[in-house]
Amino acid sequence: MNSIIQYQLYLRIENDGVFILSNKQIYDYQFEYNRIICDSQILYQIKDIIYYYMSVLENVRYIKIQKIGEGAYGIIYKAQDVQTQEIVALKKFKLSDYEGVPSCALREISILKQLNHPNIIKLISQIIINKKLHLVMNYYDKDLTEYLKFYHEEFHLKNIIYKILLAVEFIHSRKIIHRDLQPNNILVKNNEPVIIDFGLSRVFSPNLTPGVTQLWYRAPELLQNCHSYDYAIDMWSLGCIILEIALNKPLFMGQSEIHQLLLIKNLIDGDEWFKQNSQFAKFNNLFIDLINKLLQIDPTKRITSKQAIQHPFFQDQFAFIYNNE
Amino acid sequence: ETIKNNEEPTPITFQTKSSPIPIQKEFYNINPLYLQEYHEKEYNFKTRAIILNRIQDNCLNLNNHYSHKAIYLYDLFLSRLSTKTINNQTQLRFLSLAMIFVATKMNAETPNITSLLSQSSLNMTKQQLIQYERFILKVLDWHTNPLTLQDIIFEVIYSFYNVFPNQKTQSD
């Protein structure tokens, strides 16, 4: 109570649900029904006031802990759910007056609502407050790039490869193309991968934009500016990711589209390209066969996700990435 | 605890589990008799046909190929709406325009709002369109990605041309 007198605050409720508590500084409180998002420092300062005015802290749902990422679409925060003590990730989009909900947010939400799979990120809820859209998702602290910096048992690696393929098969069976598969969009927790970031995903259609996927994982038909492609572009990205898991470094690191295409053409030359290259000599034959089928330049010859999960490499329990000798 | 488990490698069985039945059906199921839930004077097959015609025309004007999705979402929206009363026929026209807006956003680049509004002979403002969009998303609970028959046909045609590339040059 003292603090209220001390701050000499007054409280105003605006029509779209924003509390402004002002003294010398203005604090913005964003809420919808019983959810409030606010910064942890500010919360500490004026906790008493919130207790007083809203009588309960249960109206505060998520407390931001720190910023963990930033992209063209918005900012990602690590936050804590007050009710369940769970750590979650908040992805924030700005809603503009000219375009309404951004298309990447719309696609991501509607697609994630359809995909319920253990290896695909779960959308907990979406909140619109104060012209900002927040997606609440499960939090994972490691992505595949960071995971590969440490040594891991081969059966874990094989499990990760298989689980990624299962998730992609699940996505494809629902007629969705992910279009942005890369190690940064695969998170790992307890040796189980989780695919995230469906902002570029969409349903198959005859006319698609070729400028998708991160350059290093972009399929050759996209680099050649082709406007009609299909699920095969995801399979190419997967081929690159799987080889990256085995080699522990990205396969093609092009600086431009032409450079990238040149690197691909240099490595994949003829049907027996993997035999000429010494860095593939230590790999298991079945593994090489899988890679060869994924990294086909012609998209119609590339295997589909359904065929990939039935590949003999996964049927044989003792086949690992490297030869055992 | 999890680290301890990892020390003793348990044999991992690699089996496929995913089912071929799409989950889509639960959310995107339209009650085929939803029209009967409305008062016949307010909304009937005839008004629906007029609105669908408008959606087709608007999409044609904008060279937009996603009218099928807009129509699906329009029907889905009306079947999901809890209060089945329509006070004003212009509401339906506003709704149809907002549906085109949402469907295009899902499938192509964000459409230009000004050209979308100007080519329709409606007195709709940008704010109204965005309000309608919010309302649609609320009613549909953000399920704006329906799979229509057209999508399957696109895929069949695509794979057909992959197998018979000669046919494509002939049809062009």
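Scanning segment A:93-111 for residues that are more than 9 Å from every other protein chain (Cβ to nearest Cβ) and either in a loop (DSSP other than H, G, I, E, B) or open to solvent by less than 30 Å² (accessible area, probe 1.4 Å) (or both) returns A:Phe93, A:Ala105, A:Glu108. Exactly one residue out of A:Phe318, A:Phe314 is part of a helix (DSSP H, G or I) and either farther than 16 Å from A:Asp234 by Cβ or within 11 Å of chain B (Cβ to nearest Cβ) (or both): that is A:Phe314. With respect to the stated conditions, A:Gln255 is open to solvent by 50 Å² or more (accessible area, probe 1.4 Å) and in a loop (DSSP other than H, G, I, E, B).
Which one is farthest from the other protein chains (Cβ to nearest Cβ), of the residues in segment B:124-134 that are touching a residue at least 12 places away in the same chain (Cβ under 8 Å) and under 20 Å from B:Tyr72 (Cα atoms)?
Out of the qualifying residues, it is B:Tyr132.
As a summary of the residue check, A:Ile127 satisfies the conditions (1) free of Cβ contacts under 8 Å to residues at least 40 places away in the same chain; (2) open to solvent by less than 20 Å² (accessible area, probe 1.4 Å); (3) farther than 30 Å from A:Phe313 by Cβ except for the one numbered (1). A:Ile177 satisfies every condition listed in (1) within 14 Å of chain B (Cβ to nearest Cβ); (2) more than 14 Å from A:Ile196 (Cα to Cα) except (2). Within segment A:259-311, the set of residues being away from chain B (no Cβ under 14 Å), closer than 13 Å to A:Leu238 by Cα and open to solvent by less than 20 Å² (accessible area, probe 1.4 Å) comprises A:Ile291, A:Leu294, A:Leu295.
For segment B:101-123, the set of residues classified as buried (at least 19 other Cβ atoms within 10 Å of the Cβ) and more than 13 Å from chain A (Cβ to nearest Cβ) consists of B:Ser120 only.
Limited to segment A:147-204, what total is found for residues that are among the aromatic types (Phe, Trp, Tyr) and within 25 Å of A:Phe252 (Cβ to Cβ)?
5
Scanning segment A:68-99 for residues that are charged (D, E, K, R) and farther than 19 Å from A:Lys122 by Cα gives A:Glu70, A:Lys94, A:Asp97, A:Glu99.
Restricting attention to segment A:112-124, the residues that are open to solvent by 40 Å² or more (accessible area, probe 1.4 Å), within 9 Å of chain B (Cβ to nearest Cβ) and not in a helix (DSSP H, G or I) total 1.
Look at segment B:55-76: where a residue is in contact (Cβ under 8 Å) with a residue 60 or more places away in the chain and a partner is open to solvent by 30 Å² or more (accessible area, probe 1.4 Å), sitting 6+ places away or on another chain with Cβ atoms under 7 Å, you get B:Asn58/B:Gln119; B:His68/B:Gln150; B:Leu76/B:Ile30.
For segment A:267-284, the count of residues that are free of Cβ contacts under 8 Å to residues at least 40 places away in the same chain and touching a helix residue (DSSP H, G or I) at 6+ places or on another chain (Cβ under 6 Å) is nonzero. Among the residues of segment B:151-172, those identified as more than 9 Å from chain A (Cβ to nearest Cβ) and under 22 Å from B:Tyr72 (Cβ atoms) are B:Ile153, B:Val156.
When restricted to residues that are in a helix (DSSP H, G or I) and aromatic (Phe, Trp, Tyr), segment B:119-148 contains 2. For segment A:144-164, a residue qualifies if it is charged (D, E, K, R) and either at pLDDT 90 or above or surrounded by 20 or more Cβ atoms within 10 Å (Cβ to Cβ) (or both), and the qualifying residues are A:Glu146, A:Lys149, A:Lys158, A:Lys163. Only one entry in A:Val188, A:Val212 is open to solvent by less than 40 Å² (accessible area, probe 1.4 Å), modelled with pLDDT of 90 or more and over 16 Å from A:Leu294 (Cα atoms), namely A:Val188.
Of the residues that sit in segment B:124-138 and are surrounded by fewer than 16 Cβ atoms within 10 Å (Cβ to Cβ) and not basic (Lys, Arg), which one is farthest from A:Arg174 (Cα to Cα)? It comes out as B:Thr125. For segment A:233-252, a residue qualifies if it is of a type in the set (Phe, Trp, Tyr) and either surrounded by fewer than 12 Cβ atoms within 10 Å (Cβ to Cβ) or not in a loop (DSSP other than H, G, I, E, B) (or both), and exactly one does: A:Trp236.
I'd like to check which helices (runs of 4 or more DSSP H) are fully inside segment B:36-118 and have at least 2 residues that are within 15 Å of B:Leu137 (Cα to Cα) and not polar (S, T, N, Q). Break it down into steps so the answer makes sense when it comes.
Working: elements: B:45-61, B:67-80, B:89-107.
Once the helices (runs of 4 or more DSSP H) in segment B:36-118 are filtered for at least 2 residues that are within 15 Å of B:Leu137 (Cα to Cα) and not polar (S, T, N, Q), what remains is B:67-80, B:89-107.
Every condition in (1) over 21 Å from B:Val139 (Cα atoms); (2) within 11 Å of chain B (Cβ to nearest Cβ); (3) within 13 Å of the chain's Cα centre (by Cα) holds for A:Leu135 except the one numbered (1). If the condition is being surrounded by fewer than 21 Cβ atoms within 10 Å (Cβ to Cβ) and part of a strand (DSSP E or B), then segment A:191-202 contributes only A:Glu192. Just one of the numbered conditions (1) open to solvent by less than 80 Å² (accessible area, probe 1.4 Å); (2) without any contact (Cβ under 8 Å) to a residue 12 or more places away in the chain is not true of B:Gln36: (1).
The values are calculated or read from the model by the stated rules, or taken from the named source; none is laboratory data. Worth saying up front: this structure is predicted, and the values here are computed from it rather than measured. All Cβ positions, even for glycine, are placed from backbone atoms using ideal geometry, and neighbour counts span all protein chains on display. Areas reflect the complete protein model, heavy atoms only, side chains present, ligands, DNA and RNA absent. Shrake-Rupley method; radii C 1.70, N 1.55, O 1.52, S 1.80 Å.
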